[in-house]
């Protein structure tokens, strides 16, 4: 009996040691990838890359990472995430231009508004799954779109233009491109690290358990709807943070930000980069924004090219760019 107990204990310890070694290996790999990403962000302006382009990439990368938290780690496909991204952009733009709030307060207000909207939408949608959840979020997003079109303070089809960047904490003038670039980079990196922390926390592990087998998670005593609702609010708030930041970068909040096509773009970014990976949405957003920027002269053909790339990705790279790269290197990215 003692021998059996001793053997079981040895097997458990060996399994725990192997799991710990794997976790440390994943942490080292992701730490190296993060350092490379930071180095690219630092070097890009020095190498002549247009700062506004890089800031746009960072805003959309944060948006895609927020969306990936829902789809990649909870398994909920939202067709309405543009309502949080664009809604927060309108709130921040209005707060900065009309109310004269400083940029950090305008962004904070936009992020909070997106979180509150996410809480309300989550109450209505989170109890549904699959196509029903997706359609509810799409319908509610269209309501926000028409509200943004008709409301007197949103500027209608013209949007809110000429949004002042202002002075950060009343001291740092964000009209300086370098200061604005550093500010956006700090927001993006902080949001990225926060998402990673959520994913690898006990809370994130429960989310993944719900994604894999919700009935079993419920049988273990977890309130699945509560966990999904919290994740939805976090995702909405981070999407709002991205939208608020973008409004200050481009000094504009427009209907494009709340249009259903924006929700479609973030789905494409996530799937292209790698669903359920940490760095996948960043790569996917970079690819899509780069195409939009450098192929803009092709007009409507950009959409056709994006569609073709999406089809190729689905057929040949089902795990996305980072997913396939991670599988090739046998590393978790």
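The values are calculated or read from the model by the stated rules, or taken from the named source; none is laboratory data. Computed from a prediction, not measured in an experiment: that's the story for all the values here. Because the Cβ atoms are built from the backbone with ideal geometry, glycine has one as well, and the counts that use them run over all protein chains shown.
Assorted remarks:
- Among the criteria (1) closer than 25 Å to residue 159 by Cα; (2) out of contact with any strand residue (DSSP E or B) (no Cβ under 6 Å at 6 or more places or on another chain); (3) surrounded by fewer than 23 Cβ atoms within 10 Å (Cβ to Cβ); (4) touching a residue at least 12 places away in the same chain (Cβ under 8 Å), the one residue 309 does not fulfil is (1).
- Number of residues in the stretch 120-163 that are over 30 Å from residue 74 (Cβ atoms), in a helix (DSSP H, G or I) and in contact with a strand residue (DSSP E or B) (Cβ under 9 Å, 6 or more places away or on another chain) equals 0.
- Helices (runs of 4 or more DSSP H) wholly inside the stretch 171-258 that include at least 2 residues being touching a residue at least 12 places away in the same chain (Cβ under 8 Å): 177-199, 202-212, 224-250
- Residues of the stretch 35-49 satisfying the condition of being out of contact with any helix residue (DSSP H, G or I) (no Cβ under 6 Å at 6 or more places or on another chain), at pLDDT below 90 and surrounded by 10 or more Cβ atoms within 10 Å (Cβ to Cβ): 49
- Extreme residue, farthest from the chain's Cα centre (by Cα), among residues of the stretch 157-181 that are exposed (fewer than 13 other Cβ atoms within 10 Å of the Cβ) and at positive phi: 170
- Only one of 248, 207, 255, 268 that is crowded, with 21+ Cβ neighbours inside 10 Å and within 23 Å of residue 141 (Cα to Cα): 248
- Check on residue 72, in contact (Cβ under 8 Å) with a residue 60 or more places away in the chain, farther than 22 Å from residue 187 by Cβ and buried (at least 21 other Cβ atoms within 10 Å of the Cβ): no
- Selection within the stretch 266-297 - part of a helix (DSSP H, G or I) and free of Cβ contacts under 8 Å to residues at least 60 places away in the same chain: 268, 271, 272, 283, 287, 291, 292, 294, 296, 297
- Leading residue by the ranking (farthest from the chain's Cα centre (by Cα)) among those in the stretch 90-117 that are touching a residue at least 40 places away in the same chain (Cβ under 8 Å), within 14 Å of residue 167 (Cα to Cα) and part of a helix (DSSP H, G or I): 97
- When 142, 129 are checked against the criterion of being surrounded by fewer than 21 Cβ atoms within 10 Å (Cβ to Cβ), under 22 Å from residue 236 (Cα atoms) and at pLDDT below 90, 129 stands alone in meeting it.
- Selection of the stretch 29-57 for residues being more than 20 Å from residue 269 (Cβ to Cβ) and part of a helix (DSSP H, G or I) yields 29, 31, 32, 35, 38, 39, 42, 43, 45, 46, 51.
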